[in-house]
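The values are calculated or read from the model by the stated rules, or taken from the named source; none is laboratory data. Values in this document were obtained by computation on a predicted structure and should not be read as measured data. With ideal geometry, Cβ positions are generated from the backbone for all residues, glycine too; neighbour counts draw on all protein chains shown. Accessible surface areas use protein heavy atoms only, side chains included; no ligands, DNA or RNA. Shrake-Rupley method; radii C 1.70, N 1.55, O 1.52, S 1.80 Å.
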Amino acid sequence: MKITLAVVASADGRITGPKGEQPRLWASREDQEQFQKLIKENGVVIVGRNTYLAHRKQLKLTPNIRRIVMTTQPGKLKKDEVKGRLEFTSLSPLKLIRALEKGGYRRALLAGGPKLSAAFLKLKLVNEIHITIEPKLFGAGFPILDGNLSQCRLKLSSSKQLNAGGTQLLRYKVSY
Ligand SMILES: NC(=O)c1ccc[n+]([C@@H]2O[C@H](COP(=O)([O-])OP(=O)(O)OC[C@H]3O[C@@H](n4cnc5c(N)ncnc54)[C@H](OP(=O)(O)O)[C@@H]3O)[C@@H](O)[C@H]2O)c1
């Protein structure tokens with residue numbers, strides 16, 4: 001199964017603003033369009049509980065997109081569940097991927113947060129990383145990844161400027 005990890009970050013590698021500002025408040029329109037395109041291409045989106053809670057109010061569920069929220073306490077969020085569109089699981093990353101493969105899925109988009117992304121990389125489950133760099137400096141905020149990932153090697157496959165302001169989209173192949 002092909003797992004693509006996608007994040008938008010400031011030039012100093014922060015995925016939230018210094019006071020926890022969410023990407024929808026500072027990421028460029030071009031990045032947000034790129035992210036929506038990735039969601040459609042992958043059909044499955046995996047996030048951690050905190051990322052889900054941070055975006056819950058703005059989330060628009062659509063028939064062809066399956067959103068999976070990873071949490072050790074799925075029962076607490078069960079009331080939000082919408083079959084086939086939004087679900088909560090306490091499966092480990094490996095068991096979740098195996099279950100999706102069994103369900104015939106061939107690809108998924110991993111959209112963090114930093115702890116969960118690091119957990120997937122540590123398990124060598126991520127094939128590609130797409131990092132959008134916005135021309136901003138935050139000096140504080142969540143890092144892109146939270147965990148020791150020294151065994152991961154990145155190979156740049158493309159870099160593209162998304163707008164005149166200088167937003168860069170970097171795509172990397174990941175090897176271990
Ligand atoms: N700029 C961007 O591209 C971007 C992308 C994603 C997220 N973010 C931001 O990052 C922040 C959230 O970061 P975060 O690290 O706190 O959140 P997170 O990864 O979204 O959530 C962490 C939670 O995920 C659950 N989880 C389940 N399996 C896990 C595993 N194997 N490893 C780690 N966690 C697992 C746990 O929930 P339980 O405690 O319920 O067990 C854990 O507390 C939010 O502000 C969000 O908006 C930004």
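If you roll a 1.4 Å probe over region 2-175 with all protein chains in place, what percent of the accessible area is carbon or sulfur?
On the way: 5160 of 9380 Å².
That share works out to 55 percent.
Which of G84, G166, G104 moves most in a GNM of the chain, Cα contacts under 10 Å?
G104
Could you check the simple spin-label distance between K79 and E21, using points 7 Å along Cα→Cβ, in nm with one decimal?
In this crude label model, K79 to E21 measures out at 3.2 nm.
Whole number in Å², please: accessible area per residue of the chain, 1.4 Å probe, ligands, DNA and RNA not counted. Please report the intermediate quantities before stating the final value.
On the way: 9510 Å² over 176 residues.
On a per-residue basis, 54 Å².
Tell me which aspartates and glutamates have Cα within less than 16 Å of K136's Cα, excluding those fewer than 8 residues away on the same chain?
D12, E21, E30, D31
With a ≥ b ≥ c the root eigenvalues of the C-alpha gyration tensor of region 13-116, is it rounded (a/c under 1.5), prolate (a/b larger than b/c) or oblate?
Working: a/c = 1.65, a/b = 1.34, b/c = 1.23.
Prolate, since a/c reaches 1.5 and a/b exceeds b/c.
Order these peptides, 152-158, 124-130, by their mean beta-carbon neighbour count within 10 angstrom, highest first. List each step's numbers first, then the result.
Numbers: 152-158: 11.4, 124-130: 18.4.
Descending packing order for the listed peptides: 124-130, 152-158.
Quote the relative contact order of the chain in percent (integer), defining contacts as alpha-carbon pairs under 8 Å separated by 6+ residues. Mind showing how you got there, number by number?
Working: 335 pairs, mean separation 58.7, N = 176.
It rounds to 33 percent for the chain.
Pull out a ≥ b ≥ c, the square roots of the eigenvalues of the alpha-carbon gyration tensor of region 93-172, then state rounded if a/c is under 1.5, prolate if not and a/b is larger than b/c, and oblate in the remaining case.
On the way: a/c = 2.16, a/b = 1.59, b/c = 1.36.
Prolate, because a/c is 1.5 or more and a/b exceeds b/c.
Compute a Gaussian network model of the chain, connecting alpha carbons closer than 10 Å, and tell me which residue from Q34, Q58, Q161 fluctuates the most.
Q58
Return the subset of K40/K173; K2/K83; K83/K124; K79/K122; K83/K160 for which the Cα-Cα distance in this structure is over 25 Å, preserving the input order. Write out the running numbers ahead of the final one.
Working: K40/K173 20 Å; K2/K83 23 Å; K83/K124 29 Å; K79/K122 31 Å; K83/K160 37 Å.
Flagged as over cut-off: K83/K124; K79/K122; K83/K160.
Please report the base-10 log of the normalised intensity I(q)/I(0) for the chain, using a Debye sum with one equal scatterer per alpha carbon and no solvent, at each q in 0.12, 0.13, 0.15 (1/Å).
So the normalised log intensities work out to -0.53, -0.63, -0.86.
Which whole-angstrom value gives the distance between the alpha carbon centres of region 158-173 and region 69-91?
Cα centres, region 158-173 to region 69-91: 33 Å.
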